[in-house]
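Here's the structure, in structure tokens; my notes come after.
Bear in mind that the values in this text are calculations on the coordinates, not laboratory data. All figures in this text were calculated on a predicted structure; none of them were measured in a lab. In this analysis, Cβ positions are derived from the backbone assuming ideal geometry, glycine residues included, and neighbour counts consider all displayed protein chains.
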Amino acid sequence: MTALQAPQVRGPDRRYLRDRVEAEAYVASVCFKHGPPRLHGVELEWTVHHTDDPRRRLEASHLAVALGPHAPRTLVKDSPQLPLPSGSALTVEPGGQVEISSLPQASLAELFQVVTEDHVFLAQLLRESGLALGDRGLDEHRSPVRVLDTPRYAAMEHVFEAIGPHGITMMCCTAGLQVCLDVGEPHTFADRWAAVSALGPVLVAAFANSSTFDGKATGWASARMRAVLGTDPPRSMPSAIVDDPATEWARRVLDTPVLCVRGEGERWQTPGGLTFAEWVAGGLPSPPTTDDLDYHISTMFPPVRPHGYLEVRYLDAQPGHGWVTPTALLAALMSDQGTVEAVLEACLPVGDRWLPAARDGLADRAIATAAARVLSLGADVLPSMGLPPDLTMAIVADLDQLIVRSSS
């Protein structure tokens, strides 16, 4: 029996999907959950290096010992997988990158406090084993080699390898800062989606720091973003800025090829270009379930991914505690409808300049002009975000430096 034919355990909430309309309605309902914006979250990702020689390969066994009871089960199958002390979940990416995902918090101040505590704890945990967190969006020292051997990552590598070299680079050598924001209410969420999306090229350029890869200059300000965009365009390119993002996203999900179909074995079959819509229409022996569709959505990673909330995925990882500034900036720029409209006015003219932003950063004058406007806007709004005055002042100082760069 092949992986495609293997029976799956299906719970009572995992219904079969036999119609595209039903599948698209499901995607729209789970990916865009409406309500007043009030929660914030972040996911911080880092490459991991030996402190004595950052070029040396990272071994899964060494990382497992370092993480101890916090190691995820993708790394240690029988790990208790304890959360970090302030509640963040810890995961490991294919190349050994570590990631902490915060619990959603009702205020930026609470978010920064708990994530900083877990960040410091993780850095110390690794330091005790001779390891250190990277401080860039791309591995400056090593070429890509997969550290984790799981069916999901094996399938990814198999599919991406046929497209080009960017996929394995994205999987094993990139590190991102992801900011999570509420979708918003039904009458405002399309504007919030448009603003977060149009901000992408501007903030990619402003916070780009991944110009070196494997010891060599790349010629790109954010070679990380270049790798992501080139990995597998149907699942990694930016979504369109449209009036009805939920419908557009649902169509895109259904028209994207299935990466893999889960089975019982250690290797899952990849069904060679079959879209999810074709699976629903009878393209495989067994119809998909809502659980299969949830998994398919998890294999898509555009710069902004609707995930019940808006998962902003376009920022390079920042050195040290530098993640606080772009996180606060995004939250401030999305804090009220008037600010959102000002963001749209500034950024829509450059909202499709993803590759120029990744290549040239703030040297692209159109992007730099938009950046100066939104950075100033964010600096004006930040004092109302409820942060401690000294932290607000430090973030505004960071933004002022970026404004000078944007204007020079």
Item checked: Calculated P(r) tail over 19 Å for the stretch 1-132, as whole % of Cα pairs -> 63
Next item on the list: Rounded to whole Hz and in sequence order, give me ³J(HN,Hα) for the stretch 47-64 from the Karplus expression 6.51 cos²θ - 1.76 cosθ + 1.60, θ = phi - 60°, writing x for Gly and Pro.
Entry: 6, 10, 9, 6, 5, 7, 7, x, 7, 5, 5, 8, 9, 4, 5, 5, 5, 4
Check: Ranked from highest to lowest mean number of other Cβ atoms within 10 Å per residue, what is the order of the peptides 208-214, 112-118?
Finding: 208-214, 112-118
Next item on the list: May I ask for the percentage of alpha-carbon pairs in the stretch 307-408 that lie more than 16 Å from each other?
Entry: 60
Next item on the list: Using amide H atoms built 1.01 Å from N in the peptide plane, name the residues 5+ places from L315, or on other chains, whose amide H lies under 5 Å from its own.
Entry: L177
Notebook entry, point to check: How many percent of the alpha carbon pairs in the chain exceed a separation of 34 Å?
Noted result: 29
Check: Going from the alpha-carbon gyration tensor of the stretch 183-303, what semi-axes, largest first and in whole Å, does one get by taking the root of 5 times each eigenvalue?
Finding: 30, 23, 10
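Once the convex hull of the C-alpha atoms of the stretch 286-326 is built, how many Å³ does it hold per residue, rounded to a whole number?
Roughly 93 Å³ of hull volume per residue.
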Notebook entry, point to check: Counting Lys +1, Arg +1, Asp -1, Glu -1, what net charge surrounds L84 among other residues with beta carbon under 12 Å of its beta carbon?
Noted result: -3
Next item on the list: Measure of size requested: the Rg and Dmax of the stretch 159-234, with Cα atoms as the atom set and Å as the unit; please supply both.
Entry: 15.1, 48
Check: If contacts are Cα pairs under 8 angstrom and at least 6 residues apart, what is the relative contact order of the stretch 151-310 in percent?
Finding: 28
Next item on the list: In square nanometres and to one decimal, what's the mean projected area of the convex hull around the Cα atoms of the stretch 214-285?
Entry: 7.9
Next item on the list: Can you tell me the relative contact order of the stretch 295-408? Whole percent, Cα pairs under 8 Å, sequence separation 6 or more.
Entry: 24
Next item on the list: State the answer as a single residue: which of A328, P356, V304 lies farthest towards the positive end of the charge dipole of the stretch 257-397, with beta carbon charges of +1 for Lys and Arg and -1 for Asp and Glu, about the Cα centre.
Entry: P356
Next item on the list: State, as an integer percentage, the relative contact order of the chain based on alpha-carbon contacts under 8 Å between residues 6 or more apart.
Entry: 23
Check: Ranked from highest to lowest mean number of other Cβ atoms within 10 Å per residue, what is the order of the peptides 28-38, 94-104?
Finding: 94-104, 28-38
